1. Using the basic label-point model (7 angstrom from Cα toward the beta carbon), what is the Gln105 to Ser260 distance in nanometres?
2. Based solely on C-alpha atoms, express the radius of gyration and the Dmax of the chain in angstrom.
3. In µm²/s, what is D for segment 350-418 at 10 °C and 1.306 mPa s, where D = kT/(6 pi eta Rh) by Stokes-Einstein and Rh is the Kirkwood radius from Cα pairs?
4. Of the listed peptides 110-117, 66-73, what is their order by residue-averaged count of other C-beta atoms within 10 Å, with the highest listed first?
5. What's the ranking of 147-154, 32-39 by average number of surrounding C-beta atoms within 10 Å, highest first?
6. Distance between the C-alpha centers of segment 265-318 and segment 90-133? Whole Å please.
7. Cross-link candidates for Lys443: which lysines have Cα within less than 22 Å, leaving aside residues fewer than 8 places away along the same chain?
8. Scaled to the compact-protein estimate 2.2 N^0.38 Å, what is the alpha-carbon radius of gyration of segment 67-212, rounded to two decimal places?
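Coordinate-derived values only; no laboratory data. If you're wondering where the values come from, they're calculated on a predicted model, not measured in any experiment. Using ideal geometry, Cβ is built from the backbone for each residue, glycine included, and neighbour counts are taken over all protein chains shown.
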Amino acid sequence: MAAFFYDNQVRRFLIQFGKIFSNWQVTKGKDPAGNEILVRVPVMYGDSSRQAATIIANNSASNLPSAPLITYYITGLEYDQKRTQDPTFIDKIQVRQRSYNAETQSYETVQGQAFTVERLMPVPYTLRMSVDLWTTNYNQKLELIEQLGTLFNPSLEIQSTDNFIDWTSLSVVYQDGITFTSRTIPQGSGNPIDVLSWKFYMPIWISNAAKLKKMGVIEKIIASIFSGSALDDIQNDDLLLGTRQKITPYGYKLLLIGNSLQLLPANQDFYPSNEDLDLPPNPNTSLYWSSLLNVYGTIRPGISQIWLQNPFMDTEIVGTIVLDPVDDRLLIYDIDSDTLPQNTLDPVDSVINPLVTGPNAGLPAAVNGVRYLIVDNIGHEGDTTIAWGNVVAYANDIIEYDSDEGEWFVSFDSAQATTVEYVTNLTTSIQYRYVDTEGAWMKSWEGWYDQGDYSIVI
């Protein structure tokens with residue numbers, strides 16, 4: 001016997017369908033100031049059966065249903081053979097969750113468990129609906145028709161869930177005719193409520209339960225290599241630390257510039273290095289992303305990801321990918337900003353050599369608050385320079401101009417720094433990292449990534 005399975009699939013479509021007809025208003029006279037009084041029309045699920053009619057009438061034959069009112073209900077559910085596809089097809093996708101910290105009860109920015117989801121081909125159905133507009137006067141009916149009638153031209157798209165791996169969540173609502181009134185001739189003098197019936201239908205899918213498996217694909221190989229003096233190697237932690245190697249299939253490397261990722265061969269030279277303040281140009285290679293990604297699966301634009309491991313960061317950089325429509329050697333990399341380091345210092349206007357350029361000499365005139373990251377020393381105690389005044393600063397310092405004092409001063413003293421600092425160059429939009437232990441600035445996250453420093457999540 002098959003295991004019990006119920007996922008509220010049809011019910012979710014009913015809920016979204018009902019939301020289409022919620023929060024609409026009609027007029028109900030005017031207030032003493034002459035302004036129209038608007039009342040919201042309630043919406044409920046239920047057909048005009050004896051039971052529903054009893055509920056609307058407050059369980060009394062002497063009460064009339066309150067109006068205006070909108071009700072909706074199912075009138076039919078039919079198998080749609082025209083949309084039938086291969087019933088034996090099974091789609092497999094790989095997903096990776098973020099690591100969950102049970103102590104803090106929050107998700108971290110590093111990779112967690114990976115899974116393979118096997119989705120069975122869903123079954124096509126046509127869901128037919130009826131919407132009844134209950135009104136007490138002709139004007140209310142026309143107001144609702146005018147507001148609702150513009151939504152379906154000819155259809156309206158709805159989504160039953162925001163689960164990105166649910167391939168059946170989208171549907172379209174189509175009109176299927178209107179019965180303008182429920183009244184007959186003679187109308188009689190009983191119930192003043194008139195009912196307009198509006199027919200709709202939706203092509204939907206009903207899916208079986210998906211299979212969830214822990215991914216068994218080898219993503220990285222970590223090899224421990226030592227010289228042969230096993231006892232010394234273990235005592236010196238070389239076995240576990242100093243000799244670890246991370247290997248990426250094909251040995252491919254990456255270059256990240258802005259939101260662009262380029263695939264590079266294993267023998268690619270990293271020049272200029274990541275420690276250089278300038279970005280390297282894109283090498284002229286013949287490696288195409290589509291050839292690599294097709295080996296591992298079908299890329300899903302905006303869903304598939306690449307995780308980057310920067311050796312100077314405690315967390316991984318995560319971003320979704322899509323093929324560059326202009327250059328197949330590149331991926332458009334949409335980075336999750338929460339995985340990037342945040343600036344700890346105010347941005348600088350430029351990175352300069354103060355011995356080569358200065359205010360009104362290759363640089364704009366000094367204005368209050370302008371900031372420069374300098375790459376060489378300037379000034380001496382007791383000396384004054386034409387360009388920089390009395391300021392004494394050293395390579396890797398940040399200097400700033402104070403218009404009230406009419407002089408430059410050291411805003412960031414690199415020699416006194418005890419922590420890692422981040423700052424953005426406004427001219428190039430490059431973020432830099434200052435490593436206090438090395439006494440140097442370098443690009444924080446843009447640049448070269450070696451084999452083993454990235455993971456592809458299809």
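1. 4.6
2. In order Rg, Dmax, the Cα atoms of the chain give 33.6, 108 Å.
3. 133
4. For the peptides 110-117, 66-73, the packing ranking is 66-73, 110-117.
5. For the peptides 147-154, 32-39, the packing ranking is 147-154, 32-39.
6. Comparing the Cα centres of segment 265-318 and segment 90-133, I get a distance of 27 Å.
7. Lys253
8. Working it through for segment 67-212, the quotient is 1.56.
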